[in-house]
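Undergrad: Sharing a structure below in structure tokens format, with a few things to ask.
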Amino acid sequence: MKRVLIVTSAFERSHFFPEGFDDWVSRYAGEVRFHDSADAATFPGVLTDYQPEIIVGAWDMPPLPLSAVAGQGGSLEYFSFVPGSAKKQITAEHLEAGLVMSNWGTTIGPYVAECALLLVLNALRRVALWGHQLKAEGIWRDRLTNNRSLFRKRVGLHGFGAIAQSLVELMRPFDPIVTADTGVPDDVLAKYGVTRAESTEALFANSDILVELKPLTVKTEHSVDERLLRMLPPGACFVNIGRGPVVDEEALVRVASEGNIEVALDVYAEEPLPVASPLRGLPNVFLLPHMGGATIDRGIECGERALRNVERFVAGETVENPVSVEAFVRAT
């Protein structure tokens, strides 16, 4: 059996492992040690003293020194990361040095898509405006609300990975006309009944609802700029549940301030969203605090998969949802 180090915070333990570790540890029958993510100062010393061959980690885990990887003279062979992107914990160099890594893969896709649908419906129904008027101003609606339905609307998906694909399935009862950005293989589009936009500009210009789902890379950072945002039709809804820095947030504030589009956001250029952000005060902007991922009742699936992967790795089997160097670099 290999030495396992589980590095989590108190919140992560309750979120991903609500039933605790006792049953798994007894089943694993190997050496397991726990380290609190909050104790970042002693983390390097634990790596040196314990020499773990496997680490199970999550969002709050401190950065992992490259020297800890077996291929760099350390002991670590496998990193079972419970959530998705581990760019705060490791770099592509760790994987290039031979470190095996897995994450939650597509497990989380349907839940993020569910939140995306929530944002779309909130924007269409102008929940931010009505909620503020009812609670803060005591105003009832007049006869004309300018609310809209999702039924048979034109939905543009800027990015067509697992989340977008799950969102297409969730929207089917609304019979929307769904268009995806360029660069998606024809067979993938055909599988989901989605058409391809002629260009990114055409995608924005011809969408009643634009859902932003591009991964964050050097190329995509601030790629959704003021020029693209102003191509959205009057009354369109702009939803971002991908990555905040993909959007030029200052430009988004300028366009949203004019009141011609509805906006619903779960991600931001800076997180937590600064208290002074103009986005907080706009009546046509609906905000969530980056909560589109695993819900409190579904996070356990990700934790169970991470521990199951440890067993698979020790048994010499292929782990579920392995992360290649290329996939790591593309990850949001």
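The values are calculated or read from the model by the stated rules, or taken from the named source; none is laboratory data. The model shown is predicted, which means the values in this text are computed figures rather than measured ones. Glycine gets a Cβ as well: all are built from the backbone with ideal geometry, and neighbour counts include every protein chain shown.
Undergrad: Using beta carbons and a limit of 6 Å, which pairs, at least six apart or on different chains, have the first residue in region 316-332 and not assigned by TED's automatic domain parsing to the domain that holds Thr217 and at pLDDT 90 or above and the second one surrounded by 16 or more Cβ atoms within 10 Å (Cβ to Cβ) and part of a loop (DSSP other than H, G, I, E, B)?
TA: Between residues of region 316-332 that are not assigned by TED's automatic domain parsing to the domain that holds Thr217 and at pLDDT 90 or above and residues that are surrounded by 16 or more Cβ atoms within 10 Å (Cβ to Cβ) and part of a loop (DSSP other than H, G, I, E, B), the close pairs are Asn321/Asn103; Val323/Asn103.
Undergrad: Scan region 170-181 and tell me whether some residue there is more than 27 Å from Tyr268 (Cα to Cα) and either within 23 Å of the chain's Cα centre (by Cα) or at pLDDT below 95 (or both).
TA: Yes.
Undergrad: Something else about it: With in the same structural domain as Val310 (by TED's automatic domain parsing) and within 24 Å of the chain's Cα centre (by Cα) as the only criterion, which of Tyr28, Tyr78 stands out?
TA: Numbers: Tyr28 fails: within 24 Å of the chain's Cα centre (by Cα).
Exactly one of Tyr28, Tyr78 is in the same structural domain as Val310 (by TED's automatic domain parsing) and within 24 Å of the chain's Cα centre (by Cα), namely Tyr78.
Undergrad: Can you spot a residue in region 169-179 that is basic (Lys, Arg) and assigned to a loop (DSSP other than H, G, I, E, B)?
TA: So far as region 169-179 goes, no, none of its residues is basic (Lys, Arg) and assigned to a loop (DSSP other than H, G, I, E, B).
Undergrad: Still on this structure, please answer the following. Just to be sure I understand, how many residues within region 12-36 are farther than 15 Å from Ala58 by Cβ and either surrounded by 13 or more Cβ atoms within 10 Å (Cβ to Cβ) or hydroxyl-bearing (Ser, Thr, Tyr) (or both)?
TA: 8
Undergrad: Can you pull out every residue in region 298-330 that is under 21 Å from Leu213 (Cα atoms) and surrounded by 16 or more Cβ atoms within 10 Å (Cβ to Cβ)?
TA: Asn321, Val323, Phe328
Undergrad: If you don't mind, another one. Can you tell me which residue is nearest to Leu228 (Cα to Cα) among those in region 128-153 that are at pLDDT 95 or above and buried (at least 16 other Cβ atoms within 10 Å of the Cβ)?
TA: Residues of region 128-153 at pLDDT 95 or above: 148-153.
Now drop any that are not buried (at least 16 other Cβ atoms within 10 Å of the Cβ), which leaves 148, 150, 153.
Details: Arg148: 23, Leu150: 22, Lys153: 20 Å.
Here the residue is Lys153.
Undergrad: At pLDDT 95 or above, closer than 15 Å to Ala306 by Cβ and in a strand (DSSP E or B) - does that describe any residue in region 35-49?
TA: Among the residues of region 35-49, not one is at pLDDT 95 or above, closer than 15 Å to Ala306 by Cβ and in a strand (DSSP E or B), which makes the answer no.
Undergrad: For Lys219, indicate whether it is of a type in the set (D, E, K, R), surrounded by fewer than 19 Cβ atoms within 10 Å (Cβ to Cβ) and at pLDDT below 95. Let's see the steps before the verdict.
TA: Numbers: of a type in the set (D, E, K, R): yes; surrounded by fewer than 19 Cβ atoms within 10 Å (Cβ to Cβ): yes; at pLDDT below 95: yes.
Yes, satisfied.
Undergrad: Can you tell which of Ile108, Ile90 is at pLDDT 95 or above and within 30 Å of Val4 (Cα to Cα)?
TA: Values: Ile108 fails: at pLDDT 95 or above.
One residue alone meets the criteria, Ile90.
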